[in-house]
Each structure stands twice: as structure tokens, then as C-alpha cells.
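Structure first, then comments.
Values quoted throughout were computed directly from the atomic coordinates according to the rules given, and no laboratory measurement underlies them. Note that the coordinates shown come from a computational prediction; the quantities given were computed from them, not determined experimentally. Cβ: placed from backbone, ideal geometry, glycine included. Neighbour counts: every protein chain shown.
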Amino acid sequence: MNTVYIVSKIFTYLVLSPIIFIIFFLIASFYVQKFRIVFVTIALCFYALSISYVSNTLLLPLEKPYNRVLEKSNMVNAVVVLSGGNIEGSANIPMKSDAYKRAMWGLMIAKSKNLPLLFCGAGLELYTEADAFLDSMKEITNNLHVDIPISSSLTLNSFSLHVEDRSLDTYQNAQFAKEEFDAIGINRPVIYLVTSAFHMRRAILLYEYFGFQAIPAATSFRLDDKAQEVGILSFVPSFKALNNSYIALHEYAGLLSLILRGII
């Protein structure tokens, strides 16, 4: 039984991990002499991005500065939560996991500090991320019997929810959020900004660009306390590490775009 279990685990790993693609490119390099260096380079890059040592190294500078207790302030005007995707047709809670964590953390902050919550995001689908947020909040209200007031306009000095349902990216999140505050006469809003930890640096830069004073309230962390520890498993390819590498590189590309656009 133990032998069968071990063999099945090895087979599953070989089939369901990036190692199969790395092996493919290495084997292919022996049959295409003209492009051998290209295939070997692809295999090496694929391997590097698929190991936790590299993915953790890429993610750590993005997440670590924001892995701290929420800063206390009596000057905050509102909690701003950034959208993170939705799943139309879901039987319940039609928000993606990162989006739901953001929404829940923002809701907790807003409720505990009696602040309005502004949810920012629409996306490209007809069923918007704002729709998914409101539907999820209705489920909480109906099933947990928690009073979550929803307002048609941004209302200060009390707990309520309001959505900005036009923005397609973080730049527009900040741009349209600023319009919401301008409409009620607040030119330099002080906010708790809620988003995933890996996304926080870029989000803060954009919100500050549009005149906000943003206090980071990060959530949906991907790295734990052992992220800086190095062992044998740190060099074993996995799709989890590959996904983390992709997320980190996407954020670095986003930061580069801010530099090229003169925002920072």
C-alpha cells in the first residue's frame, strides 16, 4: 500500500506540476539544434518562476511592508475597498476569493469604526464586480441577520455601503473614487485603503496621485512567516509558486507603467 501510494503521488506530481513542461522544453532542445538555446532558456525560466524560492523573493517586497496591524486614526473619512473579480452564475457569494477577503476586511473596518465603505470596481462583464459585491452583502444581511445599510450616495460619519461601478482598473478606481468625494466637498480624503497585500503599493501610489491620503489596510496575504526560510522544497516546482511569480511580475509591470506614465 505504501509503495502504491508513493508511486501515485510521484505520478500525480509529474503530471500536475510545471515539471512536465520543463522536461518537455529540455527534451525538445535536443531535437531543434537551431533553437536549442531558446528552448533551454525557456526551460530554465519556467523552472525559476515555478519554485517558491523565486516566487517568494518576488512577492516579499510587495507584501511585507503592509503585513502589520491597522494604523489608528481619528481623521479617516471612509473605507475604500478595491474590487478583485467576480464569478457570474455562482450559487452563492459571487465574488472571487481575493475580492471576498477584501470586502470582508473592509466591512469589518467600516463597521467597527462607524465609517462609510466605498466599493470601487466594475470590470468588463455585464454582471459587474459591484453587482457581485452588493449581492454578497445581501446574502450576509439575509443569512446572518446583520444590518448593512446601502446608500445611493457617499454618506459620511456613519456606517453604510456605496459602490462606484464604472472603473475598469486601479487607475480608474482612484479617479472615480476621487469624483465621489469631490461631489460631497472633500478635496483631500483620508481613507483606509483595502486591497490585496501584493497590490497595495501600486494602489497607494495611484490614490495618492489623485489626492488621497491613503492608510494601507492590506489583506489576502499569499506569504506566511516561513516565506524567507529556504529548504529543499523551496526548489521544487509547483503551480502555486508559478502563480505567485505571475502575480508579482504583473505588479512590477504595473509599477513600471506608472513610472513610464510619469505618475511616480
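Just a few scattered comments:
- Considering only Ile263, Ile87, Leu156, and ranking their Cα positions along the charge dipole of the chain that arises from unit charges at the beta-carbon of Lys, Arg, Asp and Glu, the one farthest toward the positive end is Ile263.
- Gaussian network model of the chain, springs between alpha carbon atoms under 10 Å - residue of Thr128, Thr155, Thr57 with greatest fluctuation: Thr57
- A Cβ-based charge dipole, computed about the Cα centre of segment 68-216 with Lys and Arg at +1 and Asp and Glu at -1, lands at about 660 debye.
- In loop segments of segment 100-180 as defined by DSSP, the GluC sites (Glu not before Pro) with at most 16 further C-beta atoms inside 10 Å of their C-beta are Glu125.
- Sorted by Cβ density within 10 Å, fewest first, the residues Arg261, Arg201, Arg36: Arg261, Arg36, Arg201
- Of all complete DSSP H helices in the chain, those with a Cα span along the helix axis of 18 Å or greater and a mean Kyte-Doolittle hydropathy of 1.6 or more are 36-49.
- Proximal lysines to Lys111, defined as alpha-carbon separation beneath 29 angstrom and excluding residues fewer than eight positions away on the same chain: Lys64, Lys72, Lys96, Lys101, Lys138, Lys178
- Within the chain, helix-based [θ] at 222 nm, where runs of 4 or more DSSP H residues each add -39,500 (n - 2.57), nearest 500: -16000 deg cm²/dmol
- Taking other Cβ atoms within 10 Å as a rough exposure proxy, Lys34, Lys96 sort from fewest to most as Lys34, Lys96.
- Global geometry of segment 52-141, whether rounded, prolate or oblate, following the gyration tensor of its Cα atoms and the 1.5 cut on a/c: oblate
- Shape call, the chain: gyration tensor on alpha carbons, a/c limit 1.5: prolate
- Each label point was placed 7 Å from the Cα along the Cα-to-Cβ direction; for Asn2 and Ile20 their separation is 2.9 nm.
- For the pair Lys113 and Ser97 in one chain, pulling the backbone fully straight at 0.36 nm per residue adds 3.3 nm over the alpha carbon distance.
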